[in-house]
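Colleague: Submitted below is the structure of interest, expressed as structure tokens.
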Amino acid sequence: MMEHSSQEIMRLAAQAESDIAQASSPQELDRLRVAYLGRKGRLTAASQGIGQLPLHQRRSVGRAVNEAQQRVTAALHRHGQELAAQAAERQAAKQLDVTLPGRGLPLGHRHPLMITLDRLLDIFVGMGYRVLESPEVEWFTLGFTALNYPPDHPAMDEQATLYVSEDIILRSQTSPGQIRAMRANHDRSCPVRQVDPRFPPREVLSHCRCTPPPIKVVVPGRTYRRESITLTHHDIFHQLEGLLVDEGISLSHLKGTLAAFLRAYLGPQTRIRFRPDFFPFTEPSADFSVSCEFCQGQGCRFCKHSGWVEIGGSGLVHPNVLIAGGYNPDRVSGFAFGFGIERLAQRRFGIEDIRTLYENDMRFLRQF
């Protein structure tokens with residue numbers, strides 16, 4: 001539609017400037033440019049209609065159209081620069097300011113197993129034990145033969161033990177750490193320190209020419225077995241092995257140590273039960289249990305309705321195991337014990353299903 005007067009052209013220019021000032025994006029600004037200055041724009045149409053006006057109006061209307069086009073063009077350019085500057089500011093705000101101090105990473109949550117292990121080690125270190133580590137991939141002889149296992153023991157079966165090769169296994173318990181700890185306790189010049197781990201255990205002692213000192217250690221670590229996963233059992237789990245060797249060690253020392261440990265960890269009200277058992281590397285042997293925390297000894301599925309939860313096994317170190325470690329059983333004796341760390345974590349934190357410890361569910365881990 002053609003505008004017919006200079007006043008109408010100026011009003012159109014003013015309206016265009018107002019519309020341009022309210023544009024919030026480059027796309028909207030371009031739409032207004034087309035609407036007013038495009039081939040079919042309103043100011044373009046006014047310019048094309050000048051030739052149809054009377055002669056006395058052409059000069060004034062033509063001057064008004066030129067001025068309006070200049071004003072609209074200037075307004076488009078000016079507001080376009082403003083929008084570009086705003087976009088640059090927003091982009092700069094998103095960029096990293098290297099002069100600012102770094103943002104700290106959010107702290108994670110300690111796993112209940114590690115919380116439990118640290119507490120266990122604190123108790124034993126307070127009782128005078130040293131903490132040692134032993135390899136998870138172990139020689140067959142240190143995992144079984146040196147621990148007095150007979151050749152036909154079912155624990156050696158491939159259905160119970162994971163074999164890397166004929167001579168190498170994934171340890172099914174932390175007990176091989178006993179042999180490594182005893183051998184490492186000899187003098188540096190003693191042949192026992194240099195003996196091949198596959199050396200027949202009964203021949204080790206004949207190589208010893210020193211008198212190894214008493215030993216008092218705990219050996220934590222991960223173990224592997226072919227087991228069915230239940231509420232209280234897993235095929236990959238953690239154990240803590242304890243060993244004390246000295247002169248005059250008896251079963252009463254073992255019971256007193258375990259009772260002091262369990263009451264320090266679970267509380268002075270904890271009831272403890274020892275029962276005769278059999279382990280190839282200890283004689284006599286006993287398992288030890290504590291009263292069930294979940295049912296207060298009344299019986300539940302966690303304790304298999306017995307009121308007791310078995311914690312681990314223990315006993316006096318078998319003479320053959322002392323010999324394998326380079327100690328003379330005629331001069332010294334000792335006790336050993338081992339238990340699963342997961343079970344104590346379950347007791348401490350009220351975790352009924354052991355599988356919860358391995359699911360990496362952040363809803364669970366955030367509680368610790």
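The values are calculated or read from the model by the stated rules, or taken from the named source; none is laboratory data. Keep in mind the model is a prediction, meaning the values are calculated, not measured. Cβ sites come from the backbone with ideal geometry, for glycine too, and all protein chains shown count toward neighbours.
Colleague: Checking the structure you have, find out if any residue of the range 143-157 is surrounded by fewer than 21 Cβ atoms within 10 Å (Cβ to Cβ), of a type in the set (D, E) and not in a loop (DSSP other than H, G, I, E, B).
Modeller: No; the residues of the range 143-157 include none that is surrounded by fewer than 21 Cβ atoms within 10 Å (Cβ to Cβ), of a type in the set (D, E) and not in a loop (DSSP other than H, G, I, E, B).
Colleague: To continue, here is another question. Could you check the range 158-179 and list, in sequence order, the residues that are part of a loop (DSSP other than H, G, I, E, B) and either under 16 Å from V321 (Cα atoms) or under 31 Å from the mean Cα position of the chain (by Cα) (or both)?
Modeller: E158, Q159, A160, T161, V164, S165, R171, S172, Q173, T174, S175
Colleague: I would also like to ask the following. One residue is enough: does the range 125-134 have a residue meeting the conditions surrounded by 15 or more Cβ atoms within 10 Å (Cβ to Cβ), assigned to a helix (DSSP H, G or I) and touching a strand residue (DSSP E or B) at 6+ places or on another chain (Cβ under 9 Å)?
Modeller: no
Colleague: Please enumerate the residues belonging to the range 61-109 that are surrounded by 12 or more Cβ atoms within 10 Å (Cβ to Cβ) and either in contact with a Leu (Cβ under 8 Å, 6 or more places away or on another chain) or closer than 30 Å to R355 by Cα (or both).
Modeller: V61, V65, A68, Q69, V72, T73, L76, H79, G80, L83, H109
Colleague: Can I ask one more? Does L322 qualify as being part of a helix (DSSP H, G or I) and at pLDDT 90 or above?
Modeller: So L322 fits the description; yes.
Colleague: I'm trying to understand the selection: among the residues of the range 215-230, which are touching a Phe, Trp or Tyr at 6+ places or on another chain (Cβ under 7 Å) and surrounded by fewer than 14 Cβ atoms within 10 Å (Cβ to Cβ)?
Modeller: Hits for the range 215-230: nothing passes.
Colleague: Within the range 10-22, identify whether any single residue is surrounded by 15 or more Cβ atoms within 10 Å (Cβ to Cβ), in a helix (DSSP H, G or I) and not aliphatic (A, V, I, L, M), and answer yes or no.
Modeller: The answer is yes; a qualifying residue exists.
Colleague: Would you confirm, using the coordinates I've provided, whether P329 is modelled with pLDDT of 85 or more, loosely packed, with under 15 Cβ neighbours inside 10 Å and more than 16 Å from Q173 (Cβ to Cβ)?
Modeller: No.
Colleague: Checking S25 against (1) among the polar types (S, T, N, Q); (2) more than 16 Å from S6 (Cβ to Cβ); (3) surrounded by 13 or more Cβ atoms within 10 Å (Cβ to Cβ); (4) in contact (Cβ under 8 Å) with a residue 12 or more places away in the chain, only one condition comes out false. Which one?
Modeller: The single condition S25 does not satisfy is (3).
Colleague: Moving on to the next point. From the list S252, S228, exactly one residue is more than 18 Å from L344 (Cβ to Cβ) and more than 29 Å from the chain's Cα centre (by Cα). Which is it?
Modeller: Residue meeting the stated conditions: S252.
Residues are listed down the side, and each one gets a yes or a no for (1) of a type in the set (F, W, Y); (2) out of contact with any helix residue (DSSP H, G or I) (no Cβ under 9 Å at 6 or more places or on another chain); (3) modelled with pLDDT of 85 or more:
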{"position": "Q22", "(1), (2), (3)": "no, no, yes"}
{"position": "K40", "(1), (2), (3)": "no, no, no"}
{"position": "A45", "(1), (2), (3)": "no, yes, no"}
{"position": "V61", "(1), (2), (3)": "no, no, no"}
{"position": "A68", "(1), (2), (3)": "no, no, no"}
{"position": "Q86", "(1), (2), (3)": "no, yes, yes"}
{"position": "K94", "(1), (2), (3)": "no, yes, no"}
{"position": "P106", "(1), (2), (3)": "no, yes, no"}
{"position": "I123", "(1), (2), (3)": "no, no, yes"}
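Colleague: Would you say L55 is of a type outside the set (V, I, T) and touching a residue at least 60 places away in the same chain (Cβ under 8 Å)?
Modeller: Answer is no for this residue.
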